[in-house]
Structures are given as structure tokens and as C-alpha cells.
Amino acid sequence: MEFYKILEMWYLNNKRNLPWRNSSNPYFIWLSEIILQQTRIQQGLDYYKVFTEHYPTVQDLANASEDEVLKDWQGLGYYSRARNLHFSAQYICNELNGKFPTTYKELLKLKGVGDYTASAIASICFNEKTAVVDGNVYRVLSRYFNIDMPINSPKGIKYFKELAQELIQNAHPKEYNQAIMDFGAMVCKPQNPTCETCVLADGCIAKAKNLISSLPVKEKKLKVKNKFFNFIVIDNGDLTVIEKRTGNGIWKNLYQFPLIETNKPVDEETLLKHDFFKNHEFKNMDIALYNPEPWIHKLTHQHLHTHFWIINTKHIENFELTAWKNIDDFAVPKLIHNFLEEYKTK
DNA sequence: TATTCGTGGTC
DNA sequence: TGACCAAGAAT
């Protein structure tokens with residue numbers, strides 16, 4: 001039996017029951033695909049529920065503010081996804097008269113929609129034969145056909161896309177694309193794949209050559225930077241100070257306490273010499289280090305060594321103030337959220 | 001085109 | 001426990 005047919009049959013009997021699979025509405029499929037980029041289904045489920053309930057149509061999403069959308073995205077990470085989702089919703093409503101794009105080519109024009117997502121929506125909603133290539137597909141194909149070309153090299157990306165595109169030619173695109181992804185997630189897993197009961201085992205070259213654990217091949221070029229964050233938590237009992245992050249780095253457009261970044265851990269004396277305290281005078285202030293041991297927040301490319309400094313003062317000048325009771329209205333990074341959860345109970 | 005963008009799970 | 005991975009995309 002052909003490759004695609006085995007997967008389609010397997011899918012018929014083993015597919016997962018996921019909320020967006022009850023729909024062919026491109027708006028819902030789009031939401032699910034953006035939420036699931038680089039994200040496990042279990043982690044995305046609650047967010048899918050919130051977004052479909054809070055923004056039942058693309059118009060509702062377009063009418064919301066970015067702050068509102070980011071608040072609902074809080075905790076999921078890769079926040080450009082939320083900003084692009086909101087931007088593209090407005091683009092669809094304003095430029096496309098609310099009509100969702102219906103082809104791979106047009107879907108690609110949406111911010112935040114790349115080759116994978118355009119292929120997924122085009123195949124699932126419009127039956128277009130565009131093969132998805134995600135982490136699951138790389139794994140299944142590299143093993144079954146024993147391909148050791150690095151999946152994150154330009155040649156590898158092109159090669160796997162072309163192979164996937166060949167394999168979908170005689171298939172039902174909607175079912176086949178979801179089949180190979182489910183199969184990769186449930187059977188041909190990164191670790192401990194269940195080769196003993198695998199329906200593709202007979203033709204799997206990597207299994208025959210005992211190469212399963214070494215495929216797929218990925219070039220690793222990850223260097224982690226250490227950064228040192230000092231958050232200034234100003235507190236007069238009722239009010240505090242938070243700022244919106246600008247620029248193009250992490251957590252763009254999320255909120256945080258005023259931040260002093262240093263190139264190494266600093267003590268109180270050194271911290272107080274920073275420009276921040278030259279620009280802002282605190283009368284009768286009392287400063288205390290909240291966490292003597294740094295919280296090390298680990299991101300993919302950076303380790304953030306974080307200290308929270310509490311400034312108790314009755315006189316806060318030259319700041320925009322935020323009431324503690326309203327602090328939960330703002331979208332904050334997980335790191336700040338964790339701090340708030342601890343701090344407000346004290 | 002190499003780098004950057006979060007958070008959580010797995011072993 | 002640190003390395004790897006997760007329905008990738010933008011720059």
C-alpha cells in the first residue's frame with residue numbers, strides 16, 4: 001500500500017478529537033494553527049477556547065485592542081503571534097472586506113502565516129494540495145526515507161517540502177496533512193517512538209538500519225546569552241509603576257516594572273548609581289532586595305538572571321501610576337506574573 | 001541566511 | 001539536569 005494511504009487509514013482509526021476539527025471555518029482553523037506554532041496541543045487548548053469565545057469572528061478580533069489580545073495571549077509565549085494575529089484580522093476586515101483568503105498564495109500574505117500555516121489552512125479548509133511540513137513531518141519523512149540532510153538548513157527545508165509535496169499528490173489533502181502530523185506526534189515520536197506497532201514499519205529505512213534515534217538531523221547553533229535584570233517595584237501601598245516594553249526584543253508591547261539591565265549582578269550601592277535614580281528622586285524611600293537569590297528565567301536564547309528591588313515610598317513623582325488592584329488588567333511576561341503571584345500574597 | 005522570538009514538557 | 005523539542009515566522 002502506498003505511503004499516503006497507510007497514513008490516511010491510520011488516521012481514520014486513531015485521529016485525536018480536537019475542538020477545531022469539528023469546523024472548516026478558516027477563521028477557527030487559522031486561530032488554532034497560530035496558537036499551535038511551536039506549542040504543544042495541551043498547552044494551546046485553553047487559549048483556543050478563550051479566543052473562540054472572546055472573539056467568535058474575525059471582525060470581533062479586529063475590533064479588539066492589541067492590549068486586549070495580548071492579555072488573552074499572556075503566558076503562551078512568542079507574542080509576535082498575537083500581534084500579527086490582531087494585525088491580520090484588521091487586514092482581512094479592512095482590506096479584504098472581511099472575506100478570508102481561500103488559497104495558499106493569498107494566505108501567505110497574512111502576517112504571521114508562513115509556508116506551514118498557509119498549507120495547513122489551504123488544505124484543511126479549501127482542499128488545496130499543499131503539503132504541510134512541521135516538526136512532525138520532518139521526523140516521519142527523515143526516518144521513513146532515511147534522509148540525513150539537516151532539517152534546519154536551506155537545502156533541507158527545500159528538499160523536505162518538495163518530497164512532502166510529491167507524497168500528497170494522490171492523497172486527500174485535508175486528511176493526509178493532519179494524518180502525518182498526528183502520526184508524528186503519537187507514534188513516530190522524538191523519543192521512544194512505538195516502532196513495534198508502527199503501521200509504516202515495513203517500509204521504514206531508518207528502522208531497518210537502526211537509525212531511528214539519530215534522525216532527523218538538525219544543525220545546532222544555539223548560543224545562550226546571560227542577561228541581568230533588575231526590576232524596580234515601586235510601592236506606596238495602593239499604587240505602583242509599570243511600563244510598556246518597546247523596541248523589537250522579547251516581550252514587545254507587554255508590561256513590566258521599570259527595568260535596569262546590567263552586565264553582571266549588582267549590589268544596592270551600585271544599582272543606586274544608575275541613571276534611573278538620577279532621573280527619579282525618591283524622598284524618604286526604603287529600598288530592599290526582594291530575592292537575594294536571582295530568579296533565572298530561561299528562554300530559548302537567553303537566561304535572565306533577575307532581581308526584584310522593592311522601593312517603599314509615600315512620594316512617587318514623575319511616573320504614571322497604576323493601582324495594584326488593576327494590575328491584572330495588563331499583559332505581562334510570565335516572569336512578572338510569577339512575581340506578582342508571590343508578592344501580592346504578602 | 002543566521003538569528004531571534006516564550007513557555008512548558010520529557011528524558 | 002541540561003539538552004532537546006513543540007502544528008514556525010520574521011527579519
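For this structure, a couple of remarks:
- Taking a straight line from the alpha carbon of A:Lys49, these aspartates and glutamates sit under 13 Å away, with near neighbours fewer than eight places off in the same chain left out: A:Asp72.
- Segment A:Gln302..A:Gln169, full-extension length gain: 43.7 nm, with 0.36 nm per residue of separation and the alpha-carbon distance subtracted.
- Spin-label pair A:Asn291/A:Asp115, simplified geometry with 7 Å Cα→Cβ offset, distance in nm: 3.9 nm
- Heavy-atom accessible surface of chain A: percent carbon and sulfur, 1.4 Å: 49 percent
- Sorting the Cα pairs of the stretch A:118-168 by distance into bins of 5 Å, from 0 upward, gives 4, 22, 30, 24, 13, 7, 1 percent per bin.
- Taking 0.36 nm per residue of separation and subtracting the Cα-Cα distance, full extension of the segment from A:Asn14 to A:Glu269 would add 85.6 nm.
- Straight-line reach from A:Lys71: taking Cα to Cα under 12 Å and skipping same-chain neighbours fewer than 8 places apart, the aspartates and glutamates in range are A:Asp328, A:Asp329.
- Nonlocal amide H pairs with A:Tyr255, under 5 Å, H built at 1.01 Å: A:Arg245, A:Ala331, A:Val332
- Mean-position separation - Cα centroids, the stretch A:37-105 and the stretch A:129-183, in angstrom: 26 Å
- In plain terms, the chain from A:Glu341 to A:Glu95 could stretch by 84.4 nm, reckoned as 0.36 nm per residue minus the Cα-Cα distance.
- Between helix A:173-186 and chain A: long-axis angle, C-alpha atoms, 0 to 90°, nearest 10: 70 degrees
- Span per principal axis, largest first, for the Cα atoms of the stretch A:27-148 (Å): 48, 31, 20
- For a straight C-alpha distance cut-off of 26 angstrom, the lysines reachable from A:Lys209 (same-chain residues fewer than eight places away being disregarded) are A:Lys5, A:Lys155, A:Lys158, A:Lys161, A:Lys189, A:Lys218, A:Lys220.
- Rg over Rh for the stretch A:3-214 works out to 0.99, both radii taken from alpha-carbon positions and Rh defined as the Kirkwood radius.
- Modelled label reach - A:Leu211, point 7 Å along Cα→Cβ, the stretch A:164-204 residues with backbone N closer than 14 Å: A:204
- Long pairs among A:Lys111/A:Lys252; A:Lys244/A:Lys298; A:Lys252/A:Lys298, criterion Cα-Cα beyond 19 Å: A:Lys244/A:Lys298
The values are calculated or read from the model by the stated rules, or taken from the named source; none is laboratory data. As the structure is a computational prediction, the values presented were derived from the model and not from experiment. Here the Cβ is made from the backbone with ideal geometry for all residues, glycine too, and neighbour counts use every protein chain on show. Surface areas here come from the heavy atoms of the whole protein model, side chains and all, with no ligands, DNA or RNA. Shrake-Rupley method; radii C 1.70, N 1.55, O 1.52, S 1.80 Å.
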